[in-house]
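Beneath this line is the structure, given in structure tokens, with notes to follow.
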Amino acid sequence: MREKLSMLAIIFLMLSGCSIQKEPPIVQPGGIEEPDNLVEEPAEPPTPHVFTASASNFHFIAGWLDDTQILYVEKHGAFYKVNYFDIATGESGLVYEEESFIIDVLIHPSRDYLLVHTSEDPASAIIKVVGMDGVVKHRVEIDSTELAIEWNRTNPEKILLTAFHEDWSFDLFVFDGFDDSLSIIELDDPFPKWAGENNIMSLLFEDHPLDGGEIQLFRLDTGAVEMTGIGNVIYFDQFNDSFFLDVQALDSEEFTYTIRTFDANVVSRWTLPAISNYSEWVVPTVEWIDSNRLIVKSAEKSGQLDEMASGFNLYMFEEGNSELLLRGLDAGPLNCSPSGRYCLSGYTSEELIDVETKEKHKWIIFDN
């Protein structure tokens, strides 16, 4: 059908005196022979649907359930409801509901499970691992006033939990869903991350945090700690059990980003402007799309965070090469869909970035 429409368009241009001349079609027995070099115009990308939310009921935006479905939390009556909105179809639906106050919802990279962080008491937290059918698979209760959570990317049965107390002391736990065990481990870094299924990566600081720390590996099976020799690190993140990224503050003007394999071989490296918040470095969001692609937010120039307003850019780094996607963003977090086609940006995640078209959209509005 599309080919017939394209042929009619060519005939119309000829009849209307178009300056581009075409050879008349050759009539063959049985019909018209179409030119071999006919090129179809690419279809316009669809404009994302806009979700209208109730300002009185809306709680927060959690992230991407899949490439087009955004997960959010609302309160209706006595229940907190974890719902989705599909920017491709405009449809919405319920995934899970909870009577307790929902503090946070994490989506596992497999998209098979949710981690729902709830609380019924200011001094404790309840963690529930929930399947997409709404069935609670695991439930863990921990004494804490604040809780940091790191979910293993490859194995949803393993979770790191840092329980902070009123005096900001902390306990670090490993939850293993295979036997529902909760084990305490001893590390000085309250924000470690997984390095595969059985190793934990953390920073050891010997001097001021502005000088960065050295990456160390803690082996769960033996309890041994292995120093990597990678120092001046202010931020790190890992992708599955193959690669990790570290950010070093080697001078006051630039951050050095390095992707390495877990045996410390350098895969790629680049620099971006350094940002600080007086007493600490600030590393904008880094989003792994796959083992070859990262989406990174960065300031236009080095300086203090509170002086930058909307002076942030969005880049795609692929196998060491960079592409500028957008300018004029704020410093807020970034949350990208599994394929990297869309990203939610900003402190409230109300801005939708189409990475393919390099356009910004407002995907959610609030009624009065």
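Of the listed requirements (1) in a loop (DSSP other than H, G, I, E, B); (2) touching a residue at least 12 places away in the same chain (Cβ under 8 Å); (3) surrounded by fewer than 19 Cβ atoms within 10 Å (Cβ to Cβ), ASP207 misses just one: (2). Within segment 72-120, being open to solvent by 20 Å² or more (accessible area, probe 1.4 Å), among the small types (Gly, Ala, Ser) and outside any strand (DSSP E or B) holds for GLY77, ALA78, ALA88, GLY90, SER110.
Listed residues LEU217, LEU210, LEU204; which is within 25 Å of the chain's Cα centre (by Cα) and either at pLDDT below 95 or farther than 30 Å from LEU94 by Cα (or both)?
Working: LEU210 fails: within 25 Å of the chain's Cα centre (by Cα); LEU204 fails: within 25 Å of the chain's Cα centre (by Cα).
Exactly one of LEU217, LEU210, LEU204 is within 25 Å of the chain's Cα centre (by Cα) and either at pLDDT below 95 or farther than 30 Å from LEU94 by Cα (or both), namely LEU217.
Applying the criterion of being in contact with a helix residue (DSSP H, G or I) (Cβ under 8 Å, 6 or more places away or on another chain) and at pLDDT 90 or above to the residues of segment 279-302, the residue that is most open to solvent (accessible area, probe 1.4 Å) is GLU280.
Among the residues of segment 52-71, write down those that are assigned to a strand (DSSP E or B) and under 16 Å from TYR342 (Cα atoms). Break it down into steps so the answer makes sense when it comes.
The initial filter retains those residues of segment 52-71 that are assigned to a strand (DSSP E or B), namely 52-54, 58-64, 69-71.
Those that are assigned to a strand (DSSP E or B) and under 16 Å from TYR342 (Cα atoms): ILE61, ALA62, GLY63, TRP64, GLN69, ILE70, LEU71.
Looking only at residues of segment 177-194 that are open to solvent by less than 40 Å² (accessible area, probe 1.4 Å) and not in a loop (DSSP other than H, G, I, E, B), we find that the one that is nearest to SER242 (Cα to Cα) is TRP194.
Every condition in (1) part of a loop (DSSP other than H, G, I, E, B); (2) within 25 Å of LEU71 (Cα to Cα); (3) in contact with a strand residue (DSSP E or B) (Cβ under 9 Å, 6 or more places away or on another chain) is met by GLU197 except one, and the failing one is (2). Note down all Cβ pairs under 8 Å where the first residue falls in segment 115-138 and is touching a residue at least 12 places away in the same chain (Cβ under 8 Å) and on the phi > 0 side of the Ramachandran plot, the second is part of a strand (DSSP E or B) and β-branched (Val, Ile, Thr), and they're at least six residues apart or on different chains. Pairs that qualify, where the first residue is touching a residue at least 12 places away in the same chain (Cβ under 8 Å) and on the phi > 0 side of the Ramachandran plot and the partner is part of a strand (DSSP E or B) and β-branched (Val, Ile, Thr), are GLY134/VAL95.
The values are calculated or read from the model by the stated rules, or taken from the named source; none is laboratory data. These numbers come from a predicted model, not from an experiment. Cβ: placed from backbone, ideal geometry, glycine included. Neighbour counts: every protein chain shown. For the accessible areas, the whole protein counts, side chains as well, though only heavy atoms, and no ligand, DNA or RNA atoms are used. Shrake-Rupley method; radii C 1.70, N 1.55, O 1.52, S 1.80 Å.
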